[in-house]
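To start, the structure itself, in structure tokens.
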Amino acid sequence: MALTGRAFGNAGRLPMCGVPVHALPGYLRRLLDAGQRAVLWDQVEEPNGRGLVRREVTRVLSAGMVLEDAFLDPAHAVRCVALAPLPGRVGLAALEVSTGDLQLCELAGGLETAALAEECERLAAAELLLPEGCEAPATLVPGAVRTSLPRPLFDTARAAERLREATGTASLRGLGVEDLHAGCAAAGAALAYCERSRIAVDGGWLRVRPRALGAVMRLDPPTRRNLELLGPLGGSGPGLLQLVDRTKTAMGARLLRSRLQEPLIEVAAIDARLDAVAALTAARDGRDRLGAALSGVRDLERLVGRCVQRLASPRDLAAVRAACEALPRVAAATPAGGGAVLAAAAAGCAAPEGLAERLAAVLVDDPPAHARDGGAVRPGADPELDDLLAAGEGARAYIAGLEEEERRRTRIRSLRVGYNRVFGYYLEVPNAHRDLVPADYVRKQTLVGAERYITPALKEQETIVLGVRERAVARELEVLEGCTALVAGHAPALLAAASCVAEIDVTRGLAETADELGWARPDVDGTTVLEIEAGRHPLVERSLPTGAFVANDCALDGGTTPIVILTGPNMAGKSTYLRQVALIALLAQVGSYVPARRARIGVCDRIFTRVGAHDDLAAGLSTFMVEMTETAVILNTATPRSLVILDEIGRGTSTYDGMSIAQAVVEHLGEAPQLRCRTLFATHYHELTALAGRLQRVRNARVEVVEEGESVTFLHRIVEGGADRSYGIHVARLAGIPGGVVARARELLAELESERPLGPRTPPSAQLALPLPATPHPVVEELGRIDLDGLTPLAALNKLAEWRQRVSAP
């Protein structure tokens, strides 16, 4: 990079820099990563020698407005998310410009709601579009670039008109978004931003669809993080996505990533996916053939997007040709008997008629990377191009034989013919033979050890060659532009085929995972039962030698005993057990086989996890505050159909405070009518095991250990009953704590256990009594009789004023 500057009148001297053309993508990537926008000005007319050449803005690149492979990860969707706050709700429109996918939805509340933050994170928003003057919380997708747009762009009426124009429809009813007024306002702003970014919005390319929030499970950020859905917690090893990803196409990889974050909650839809996975799991040979066929399908969604934007290279067109040729092979390799999902996907794997043949007839087998290089069009594909190339053949043949002919004529054996962009073709003669140079040679350039010459005949042939080449490249560009327009015209059919390929690819990959790892098909139903036989944690099992992982059962019944209090030593596997149960439930509702011998999963509407300890310094939250905040979210939003995973609630504060909070949480989960949800509660507060004796919805389980003298063996087996020890001192010894410290800890433990500090210090009769009146206050009696549901807001305020006056009266 070369730094410089230029004077711009009153603005003073502004910094500028130049970069090599071939290195431009790398510098643009650095600008985008820094949250900047890059404006590209291109020459839009040919030089005529009479002044400056006209240039125009052709692209505005930003974090959410990129189409080129150099700025995209094949397995990640890059979305620009527009937010339109209206009274009581927020409209959301998520546009993936590389594929033309536009999803709309509305969420209750404002920009600060947890539901909106979860949705933006699940959509992986790279850029947020907000109305001018609208401040969104810093916690809303902290890594996304924020762009303010004029408020009129979010106008609902203008947005609806812009949507109709973009899709070529007369009404939004056909798109299924006519009732999403706030969502349409956000979509209108996103489309207007496309215009500003010079992104062409084509009706056949843009796919508008409502985002079905009620058909998928919401997963909050702590749950995605704790279950390691997209990556490992510690930064090493695979996450769940990397473990199960056996996809062969970029479209399939993106779809799998999306599905892991959006498990289904409808039994019929889950079973349909499982039927498809079952068919491919059983057909191992057919699955291999299908994988080979899928490997021939390039990223058709993004290829079509670049064709629509007229940015496709010759190699992009060749990739579209290869994908069209592979689609029939994918359809033929998809086994029958996989249910409606596979049958519909296989039927949709069809290329537009004649497209592959036309591209094959025009393009060479291995086209160059750039159209300006020439040589992308097959000989015989275009008569005009063939004539231009033939016209230059004679001149090229003359130049090719000129060197040998001139050597004979001049008797200068070291003479050679060369070419450069400045002087064109030339004859180079070493200085030692200058006396042999013929009279018709015209000196053009002097070098240290040689002279360069031209001849009238050479310049004449050069003019023919170069002129023909320019005209041939121009004609070739016209032919390629025609192919690009042809592909863009078939965008709807190609995008539909790409979706079918992605469906088949994900299904095949999940079947291969199930077959390779020995997973079983779960039974999914509408009950609140969760039964797992010989369940395994897929990530932990992968890190251990074959057969080393200890499988465990789990049984939760929302109708009878939904809560299990799990106790046991440190390092015995409690957290692993909690996570594996949640992962098995999640995988089942994704439509995947699960790591268990048998599993019956009553559909969960939400999965909550409160596992691990971490602070949030940026938000000013301590470890204990983060723990309490996440627990509060669970208690306030869980339902009887939820699955709740809680690990060591209350450990971040004093023993008594922590144990009191933990017990209160268990009691609330088990007894509150709006909850009573399936819960696994791991704790070191062994006193909580007494709850199983007085709460009928609670039972105990523990991790079994074998103690021999001062050594402890962790069996990692979950059994019925509670534990009375945590063996923390044994773990300290294993960690390398000095022997003297360990011995002193044992002495102190014996003293503390003998004092039983957690037992009651005063008899029940010594408890202080509150000075309650013998008879209730008249206001309290009236409050018990009043019909709250039939009370209007105004009447309620008047009644409160009356009670206040009566209570405060002497």
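So here's what we get for this one:
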item: The stretch 64-88: number of residues that are small (Gly, Ala, Ser), within 22 Å of Leu230 (Cα to Cα) and surrounded by fewer than 24 Cβ atoms within 10 Å (Cβ to Cβ); result: 2
item: Set Thr653, Thr576, Thr629: member being within 27 Å of Leu140 (Cβ to Cβ) and among the β-branched types (Val, Ile, Thr); result: Thr629
item: Neighbours by Cβ (under 6 Å, 6+ apart or cross-chain): first from the stretch 339-354, in contact (Cβ under 8 Å) with a residue 40 or more places away in the chain; second part of a helix (DSSP H, G or I) and acidic (Asp, Glu); result: Gly339/Asp275; Ala345/Glu503
item: Enumeration of residues in the stretch 652-669 that are within 36 Å of the chain's Cα centre (by Cα) and within 27 Å of Gly558 (Cβ to Cβ); result: Ala662, Val665, Val666, His668, Leu669
item: Count - residues of the stretch 373-383 that are loosely packed, with under 12 Cβ neighbours inside 10 Å and not in a loop (DSSP other than H, G, I, E, B); result: 1
item: Answer residue from the stretch 641-667, given it is more than 17 Å from Val581 (Cα to Cα) and either aliphatic (A, V, I, L, M) or in contact with a Cys (Cβ under 8 Å, 6 or more places away or on another chain) (or both) and is surrounded by the fewest Cβ atoms within 10 Å (Cβ to Cβ) among those; result: Ala664
item: Residue among Arg508, Arg521, Arg542 that is crowded, with 24+ Cβ neighbours inside 10 Å and within 32 Å of the chain's Cα centre (by Cα); result: Arg508
item: Residue satisfying all of: in the stretch 108-121; in contact (Cβ under 8 Å) with a residue 40 or more places away in the chain and open to solvent by 20 Å² or more (accessible area, probe 1.4 Å); nearest to Ala496 (Cα to Cα) among these; result: Glu121
item: Residue satisfying condition, being of a type in the set (Val, Ile, Thr), open to solvent by less than 70 Å² (accessible area, probe 1.4 Å) and without any contact (Cβ under 8 Å) to a residue 40 or more places away in the chain, within set Val39, Val60, Val21, Val53; result: Val53
item: Criterion: modelled with pLDDT under 90 and over 30 Å from Leu355 (Cβ atoms) - qualifying residue of Arg416, Arg396, Arg452, Arg408; result: Arg396
item: Spans of helices (runs of 4 or more DSSP H) in the stretch 527-639 with at least 2 residues at pLDDT below 95 and over 19 Å from Ile649 (Cα atoms); result: 538-543
item: Selection count where residues are within 21 Å of Val473 (Cα to Cα) and open to solvent by less than 20 Å² (accessible area, probe 1.4 Å), scope the stretch 400-432; result: 1
item: Those residues of the stretch 646-679 which are among the β-branched types (Val, Ile, Thr) and either under 20 Å from Arg699 (Cβ atoms) or modelled with pLDDT under 85 (or both), in sequence order; result: Ile649, Thr653, Thr655, Val665, Val666, Thr679
item: Residue in the stretch 775-791 that is of a type in the set (Asp, Glu), surrounded by 12 or more Cβ atoms within 10 Å (Cβ to Cβ) and modelled with pLDDT of 65 or more present; result: yes
item: Residue list for the stretch 166-200, filter: in contact (Cβ under 8 Å) with a residue 24 or more places away in the chain, part of a helix (DSSP H, G or I), touching a helix residue (DSSP H, G or I) at 6+ places or on another chain (Cβ under 8 Å) and aliphatic (A, V, I, L, M); result: Ala166, Leu175, Ala182, Ala185, Ala186, Ala187, Ala189, Leu191, Ala192
item: Of all residues making up the stretch 255-278, the number that are in a helix (DSSP H, G or I) and open to solvent by 20 Å² or more (accessible area, probe 1.4 Å); result: 12
item: Condition check for Leu486: open to solvent by 40 Å² or more (accessible area, probe 1.4 Å), touching a Cys at 6+ places or on another chain (Cβ under 9 Å) and either of a type in the set (A, V, I, L, M) or modelled with pLDDT of 90 or more (or both); result: yes
item: Hits in the stretch 293-314 - residues which are in contact (Cβ under 8 Å) with a residue 60 or more places away in the chain, of a type in the set (Gly, Ala, Ser) and in contact with a helix residue (DSSP H, G or I) (Cβ under 8 Å, 6 or more places away or on another chain); result: Ala312
item: Filter result for Ala332 (over 28 Å from the mean Cα position of the chain (by Cα), surrounded by fewer than 23 Cβ atoms within 10 Å (Cβ to Cβ) and in a helix (DSSP H, G or I)); result: yes
item: Pairs where the first residue, in the stretch 518-530, is within 22 Å of Ile645 (Cβ to Cβ) and among the small types (Gly, Ala, Ser) and the second is open to solvent by 30 Å² or more (accessible area, probe 1.4 Å) and not in a loop (DSSP other than H, G, I, E, B), C-beta under 8 Å, 6+ apart; result: Ala520/Arg598; Gly526/Val267
item: Residues satisfying the stated conditions in the stretch 496-552, i.e. under 18 Å from Met251 (Cα atoms) and touching an Asp or Glu at 6+ places or on another chain (Cβ under 7 Å); result: Ala498, Gly509
item: The stretch 478-521, residues that are part of a helix (DSSP H, G or I) and within 22 Å of Leu539 (Cα to Cα); result: Val506, Thr507, Arg508, Gly509, Leu510, Ala511, Glu512, Thr513, Ala514, Asp515, Glu516, Leu517
item: Residue identified as touching a residue at least 40 places away in the same chain (Cβ under 8 Å), open to solvent by less than 10 Å² (accessible area, probe 1.4 Å), hydrophobic (A, V, I, L, M, F, W, C) and closer than 14 Å to Leu480 by Cβ among Leu317, Leu290; result: Leu317
item: Residue satisfying condition, being touching a residue at least 60 places away in the same chain (Cβ under 8 Å) and among the small types (Gly, Ala, Ser), within set Ala488, Ala548, Ala474, Ala555; result: Ala488
item: Leading residue by the ranking (nearest to Thr609 (Cα to Cα)) among those in the stretch 208-257 that are small (Gly, Ala, Ser) and at pLDDT 95 or above; result: Ala253
item: Every residue from the stretch 433-463 that is aliphatic (A, V, I, L, M), crowded, with 17+ Cβ neighbours inside 10 Å and either in a helix (DSSP H, G or I) or in contact with a Ser or Thr (Cβ under 8 Å, 6 or more places away or on another chain) (or both); result: Leu458
item: Selection count where residues are closer than 20 Å to Cys184 by Cα and open to solvent by 20 Å² or more (accessible area, probe 1.4 Å), scope the stretch 134-145; result: 1
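For (1) in contact with a Lys or Arg (Cβ under 6 Å, 6 or more places away or on another chain); (2) among the aliphatic types (A, V, I, L, M), each residue gets a yes or a no:
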| site | (1), (2) |
| --- | --- |
| Val364 | yes, yes |
| Arg378 | no, no |
| Ala395 | no, yes |
| Thr410 | no, no |
| Val417 | no, yes |
| Gly424 | no, no |
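The values are calculated or read from the model by the stated rules, or taken from the named source; none is laboratory data. Small disclaimer: the values here were computed from a predicted structure and weren't measured. Cβ: placed from backbone, ideal geometry, glycine included. Neighbour counts: every protein chain shown. Side chains included, ligands, DNA and RNA excluded: accessible areas come from the protein's heavy atoms. Shrake-Rupley method; radii C 1.70, N 1.55, O 1.52, S 1.80 Å.
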